[in-house]
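Let me begin by handing over the structure; questions about it come next.
The values are calculated or read from the model by the stated rules, or taken from the named source; none is laboratory data. Just so you know, these numbers come straight off a predicted model, no measurement behind them. Virtual Cβ from ideal backbone geometry, glycine too; neighbours counted across all protein chains shown. Please note that ligands, DNA and RNA were not included when accessible areas were found on the heavy atoms of the full protein model with its side chains. Shrake-Rupley method; radii C 1.70, N 1.55, O 1.52, S 1.80 Å.
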Amino acid sequence: MESIGKFMIFLGQQFTRMESFKTYAKRVVDEAILIGYNSLPLFAIIATFMGAVTTLQTAYNLVSPLVPLYIVSMVVRDMTLLELAPTIMAIVFAGKVGSNIAGELGTMRITEQIDALEVMGINATSYLVLPKIIASILTYPMLVIFSGFLTILGGYLISIATGVLTGTEYIYGIRYEFVQFNVSFALIKSVAFGFLVAAISAYKGYYTVGGALEVGKSSTSAVNNSCIAILVADYVLAQLLI
């Protein structure tokens with residue numbers, strides 16, 4: 001409870017003694033490049049192969065002649081929208097971005113750069129952390145859309161390459177009984193996950209105490225706590241919205 005209370009106070013400090021809008025706008029753009037744009041290659045590789053493997057394994061298990069082949073791509077579509085793109089990629093996001101945020105702020109803390117900002121009268125919490133949270137909330141949904149597209153594309157390419165089903169069957173399955181709310185649900189989850197990863201990682205890094213060893217521990221703790229928060233939030237949102 002003490003940690004939760006400290007975390008809530010930490011979030012509240014983001015909105016006290018704020019800098020000018022222009023300052024935040026510039027920092028949000030810089031953070032968006034670091035958080036979102038620099039994550040594109042990793043997300044592209046993982047999403048493409050994830051779609052390919054999911055297609056092959058689904059086709060391998062659907063061996064009954066009574067099950068039409070287009071069910072394979074329908075399963076890949078629903079898995080991608082409900083879990084693979086928003087949730088599984090959120091764990092990858094926590095590993096890459098969360099550890100980076102915690103390590104950056106932890107290093108600034110132990111080298112007294114944060115203390116220097118506070119001595120100059122700047123609210124270091126708001127100046128350093130708020131742009132990261134905003135950038136994460138803005139860019140992670142875009143990464144989820146990007147990942148979802150490549151996951152489905154990866155499944156399409158591997159189905160053509162291996163012949164498990166034709167392109168026409170795959171596209172028919174993608175369109176078969178499509179539920180539009182699944183896309184909205186994926187985006188709602190992506191906003192929540194983007195906030196959790198950035199906020200928890202920043203909290204762990206900001207309150208690092210010690211030396212270089214503790215920075216590594218803070219990064220590890222940030223990833224662990226972010227992954228747990230993602231899974232809990234995933235269950236809560238599924239219970240509330242589906």
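Being hydroxyl-bearing (Ser, Thr, Tyr), at pLDDT below 90 and open to solvent by 30 Å² or more (accessible area, probe 1.4 Å) is the filter here; which residues of the range 55-101 pass it?
Within the range 55-101, Tyr60, Ser64, Tyr70 meet the criteria.
Right, another one. Among the residues of the range 146-160, is there at least one that is outside any helix (DSSP H, G or I), of a type in the set (A, V, I, L, M, F, W, C), closer than 16 Å to Arg77 by Cβ and in contact (Cβ under 8 Å) with a residue 24 or more places away in the chain? Walk me through it before giving the result.
Residues of the range 146-160 outside any helix (DSSP H, G or I): none.
No: zero hits.
Condition check ((1) surrounded by fewer than 16 Cβ atoms within 10 Å (Cβ to Cβ); (2) closer than 19 Å to Ala32 by Cα) across all residues:
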| residue | (1), (2) |
| --- | --- |
| Thr139 | no, yes |
| Ser147 | no, yes |
| Ala161 | yes, no |
| Val164 | no, no |
| Gly167 | yes, no |
| Ser190 | no, yes |
| Ile200 | no, yes |
| Ile228 | yes, no |
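Please tell me if Ile35 is surrounded by fewer than 13 Cβ atoms within 10 Å (Cβ to Cβ), modelled with pLDDT of 90 or more and aliphatic (A, V, I, L, M).
In short, no.
Also, quick follow-up: Restricting the search to the range 172-188, which residues are surrounded by fewer than 16 Cβ atoms within 10 Å (Cβ to Cβ) and more than 18 Å from Ile145 (Cα to Cα)?
Tyr176, Glu177
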